[in-house]
Each structure stands twice: as C-alpha cells, then as structure tokens.
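Taking it in order: structure first as structure tokens, then the write-up.
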Amino acid sequence: MTKVLSVASECVPLIKTGGLADVAGSLPAALAPHGVEMRTLVPGYRPVLKAVGRRKQVAQWDDLFGGFARVFRGKLGEQVLYVLDAPHLYDRDGGPYSDALGRDWPDNPERFAALSSAAAMIAADGIEDWFPQVLHCHDWQAGFAPLYLRELGAGDRVATLMTIHNIAFQGIARPAMISPLGLPRAGFNEKGYEFWNNISALKAGLVYADKLSTVSPTYASELMTEEFGKGLDGVLRERQEDLVGILNGIDEELWCPPYKSPAGKAKHRKALREEMGLPDWPGPVCVLVSRLTEQKGLDILLQALPALLDRGGQLALLGSGDRDLEKAFLGYADAHPGVATVIGYDEALARRLIAGGDAILVPSRFEPCGLTQLYGLRYGTLPLVALTGGLADTVINASPAGLAAEAATGVQFHPVTAQALAQALMKLVKLYQDRATWTRMMKNAMAAPVGWDQSAAAYAALYTEMVKPA
Ligand code: ADP
Ligand code: GLC
C-alpha cells in the first residue's frame, strides 16, 4: 500500500464551500482499491469537531502559530481522518475562510500556515506509527506544506504533490508575515514564494512541491497561458514536465439518480416545477447550482436568458455569493414567471434540482474541472457548458459529428459571451423538441463514466512513481 497524507481545507461530509470538499471527501475511498492508503488532515472548524468528537488524541503541539494544538483521529467512511484542533485558529462562528458577513478572517495566513505546518510535521515524523510516503496538498491552504517539509529536513524522504483546484485563490500575505509564518527569508524572491512583493502560499506550493497536478487535462494546458494563469503561468510553464491534469470523479453513491432510465425523470420534473413555482411550459427546465462569482459567468446568463424563456424554457437557480448577482437573480425571478431563484446553500435542494431538471447550465469563464456537469451527466440532466477546462473534457458536444456518432451528451459554447450562450440555449431548446434525439443524449449521458475509477488509477500511478527510496 502506498501511504498518502492528503491535506485539505474542506472535506465532505464535514465542511464544504465548493468542489474541493467533494474531491477531498471522495478520493480516499476511491483510492483504496488501487493500493493507496490515503489519510486526510483537515482543520478543526466547529462543525468538523462537532461531527468527529474529541475522543482520540494522537498528536499535540504546545505552540502552533500562537496557541495549543492537537490532532484527533476520526473516520472518513472507512478511512482515517485527522482533525487539527487549534481553538485559537478554528473555533469560531462563520465559514472556513470568512466571518458571517463574508469578510475574510484577518488571520487566514496563520490559520492555513498552521494546517500546512501540522501536515509537514506529521509527514516528517509520522503519526500513530504511520509514515506517509507522499504528502498531497490541495490548493493554497496547503501550499506551504512542501516548503515546511523541506525546512524540517524531510524533503528527501517524503514526496510532495501540489494540486491546483482553482488558481484564482492564491493565499497572499504581506512580506511582514515572513517571520510570523516561519518562512525561510531566503525563499522570498522570484524563484521562491515571493509574488509581486508579497508572499504567495500557492506559489510556494508550485515551486517547492515535487509534482504538480490540476483537475482536468484542458485546465492543465490553460494554466500555462497568460489568459488563465493569473500571473502564475510562467511558473507553471517552467514546471510543465511536472504538471499533469487528472479529471475529478464524483461519488456515485452520493450522487445517484432516483430513476434508472430517462422516462423516470418526468415525475421529478413535475415535482420540481411545483416546488419552485415554475409554469408548465413546453420547453426544458434548466437548472443551475453554483457559487455566484465572476468565475461562473452568471452575468452573461442574465443577458442571454430571454433566448430560453421566449422559447418556453425555464430556469431554476440555487446559489449564493456575490451580493449583486444574488439581487439580480432574485429581481429577475420576480419579473419573469419562467425563472425561480433560491439564494442559499442547500445540498438536498441541489439534488432535487438536478433530478428534476432537463438541463444543467455551467457557463463558466474558467472551470478547472466542475462537478455539477458531472452530476448532470449521471442524472441525464444534459449539461450546457462553456468550452473551457474540465467542461471541455467531460461533455461531448451535440455537434453534427457528435450527434451522427450517437455520442453527444450536452451542448458546448464558445466564446463565453451572452451572444454565444443565447445561441447555445436556442440550440438546447431545439434539441429538446426532438424527443428521440434528446432521449438518446440522456442515455449517452447516463452511461458516461463520471466516477473515480480511471482517475483514481491515475493518481495511484502518480504516487507510486513519486515515492522516494527509503
Ligand atoms: P466550485 O468548486 O468552483 O464551486 P464545482 O462545480 O467543482 O465548482 O463544485 C461545486 C460544488 O458545490 C458542487 O458539489 C455543487 O453542487 C455545490 N454547490 C455550489 N453551490 C451550492 C449551493 N448554493 N447549494 C448546494 N450546493 C452547492
Ligand atoms: C475548484 C474549481 C472546480 C473544481 C473544484 C474541485 O473549486 O473551481 O472547477 O471542480 O475545485 O476540484
């Protein structure tokens, strides 16, 4: 068994703001059949500790970035979970990164440096007589771990993998934090963790980890371009030999449609229309479940929506985030009977939307992988997506060739403009009206491989290749 410690700031079912949680939560079980024992380290936020309890303490430090900290052992399904309890950093109301009003916690640099540091110490010293061979770091919150590991002198024993789930978040801190974060001053330069005169936790990960990965092959190549690299494309181009794209999978037990064939959807569509107060128009019920941010392209959806509504389509949206977008979608729903908006975060409603919808919309400007289009495929809820990142890799477009080959599973559009999206929506309605074609596409979608199998094998092979000789 290859032993891997995964470090993540969120993890289903304990704490989630986005897809990272789904991935961190489902990867360990997916890896087990591939000869990998993955244990996971997460911060002891209130809801996490509440779920896991404080029974089995397996490590402690008197001073971890300003306070006492310890590690409790819990379970993530059949796998081991380690929870970093550091009350001065994590025991508070609000979300993992921000307070109840949405303001970032001012001590985020320390909070996630602590997570990274604990991970590095566990990797260097072992825990419960378990000695990880690979330290798998997710996003900027774990970005300092490879550097701390080197500082502990264990960089030649334990291999490190840095995975980029989203390069838009980089973990920036002021240079005054170099010493409070325990970073080696010598690394504060262009070749190290310095980024435009600040500290960047993500860049630290990209520079000091042995291997880099991201969550789809297309995003791996996009990241190396100025358009998508958010200033780190140069660093990634330099390391392109070490960078791979491995698609996310979904937990097929957690995301399992309540029907076996396309015909089973009708009753869920009806129930959804009733629940959301949508009219019984002849067009497709489109759904959307998303963080409301610039990334997701929802501003252009607002402009393109008439193309759907004028043709009898409807939209039910569940999301939260940017206050202006929230207001805009609420206002739009007030003014248009074909649109329903729910602002909030609701896993159960997300499932009902995906089960009852005919199509799921993902008009993102960039999308490292995207999970909702994968849920859509599995539920025969055809994805209409922008041609970018993981959306390009997971959906087969209803192009003449895709349709002729009877392989199409959705609709892709490009560029990400209101005009191109409006055209894609019109195409969607047309396809929907052709019942035979639509049903064929639903069948293709429901049969598409969206589980972890292939990708778990790819991670397992990567870890094996990375393990350093004892
Ligand atoms: P990202 O990680 O960029 O937010 P993904 O598509 O990878 O995008 O993952 C988003 C995850 O969060 C999905 O599991 C999606 O269902 C879920 N999600 C997003 N917003 C909401 C919401 N308002 N309510 C319930 N689930 C949501
Ligand atoms: C990020 C990305 C999303 C991806 C998720 C899990 O939040 O925005 O595309 O699916 O991470 O890897």
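The values are calculated or read from the model by the stated rules, or taken from the named source; none is laboratory data. Just so it is clear, the model here is predicted, and its values are computed rather than measured. Methodologically, a virtual Cβ is constructed for each residue, glycine included, from the backbone with ideal geometry; neighbour enumeration extends over all protein chains shown. Ligands, DNA and RNA are stripped out before the accessible areas are found, and what is left, the full protein with its side chains, is counted by its heavy atoms. Shrake-Rupley method; radii C 1.70, N 1.55, O 1.52, S 1.80 Å.
Qualifying trypsin sites (Lys or Arg not before Pro) in the range 257-291, where qualification requires a DSSP coil assignment and no more than 15 other C-beta atoms within 10 Å, comprise 260.
Say the cut-off is 28 Å between C-alpha atoms; which of 296/468; 230/296; 3/203 go over it? Spell out each step's value before the answer.
Values: 296/468 40 Å; 230/296 16 Å; 3/203 25 Å.
Checking Cα-Cα distances, 296/468 exceed 28 Å.
Averaged over residues, the count of other Cβ atoms within 10 Å places the peptides 195-206, 138-149, 296-307 in the sequence 138-149, 195-206, 296-307, highest first. For the chain, the longest principal axis of the alpha carbon atoms and the long axis of helix 418-433 meet at an angle near 60°.
Taking N as the number of residues in the range 262-447, what value does Rg over Cα atoms divided by 2.2 N^0.38 Å take?
0.92
With respect to the chain, whose longest principal axis is taken over its alpha-carbon atoms, helix 435-447 is tilted by about 20°. With contacts taken as Cα pairs under 8 Å at a separation of at least 6 residues, the chain carries a relative contact order of 13 percent.
Dividing the convex hull volume of the alpha carbon atoms of the range 34-133 by its residue count gives 113 Å³ per residue.
Counting Lys and Arg as +1 and Asp and Glu as -1, what is the net charge of the other residues whose Cβ lies under 9 Å from the Cβ of residue 210? Net of charged neighbours comes to +1. Any idea what angle helix 347-356 forms with the longest principal axis of the chain, computed on alpha-carbon atoms, 0 to 90 degrees, nearest 10? Between the helix axis and the principal axis of the chain, the angle is about 30 degrees. With the biggest extent put first, the Cα atoms of the chain measure 64, 44, 44 Å across the principal axes.
The fraction of accessible area contributed by carbon and sulfur in the chain is 53 percent, rounded to a whole number (1.4 Å probe; ligands and nucleic acids excluded). Our summary gives the range 262-447 a relative contact order of 24 percent, counting only alpha carbon pairs under 8 angstrom and 6 or more residues apart. Dipole check for the chain: with +1 at the C-beta of Lys and Arg, -1 at the C-beta of Asp and Glu, and the Cα centre as origin, the magnitude is about 980 Debye.
Projection of the Cα convex hull of the range 48-199, averaged over all directions and equal to a quarter of that hull's surface, yields 9.8 nm². The residue list 421, 368, 332 was ranked by how far each Cα lies along the charge dipole of the range 304-437 toward its positive end, using unit charges on Cβ atoms, and 421 comes out on top. Charge dipole of the range 262-447 (Cα centre as origin; +1 on each Lys and Arg Cβ, -1 on each Asp and Glu Cβ, all else neutral): 560 debye, rounded to the nearest 20. Restricting the trypsin sites (Lys or Arg not before Pro) of the range 1-67 to loop positions (DSSP other than H, G, I, E, B) with no more than 11 neighbouring Cβ atoms within 10 Å leaves 55. Taking the alpha carbon gyration tensor of the range 357-401, multiplying each eigenvalue by 5 and rooting it gives semi-axes of 15, 13, 9 Å, largest first. The residues of the chain have, on average, 40 Å² of accessible surface per residue, using a 1.4 Å probe with all protein chains present. With kT/(6 pi eta Rh) evaluated at 20 °C and eta = 1.002 mPa s, and Rh the Kirkwood radius from Cα pairs, the range 345-461 diffuses with a coefficient of 148 µm²/s according to Stokes-Einstein.
Could you please report the charge total around residue 30, scoring K, R as +1 and D, E as -1 over all other residues with beta-carbon less than 9 angstrom from its beta-carbon? Counting the neighbours of residue 30, the net charge comes to -2.
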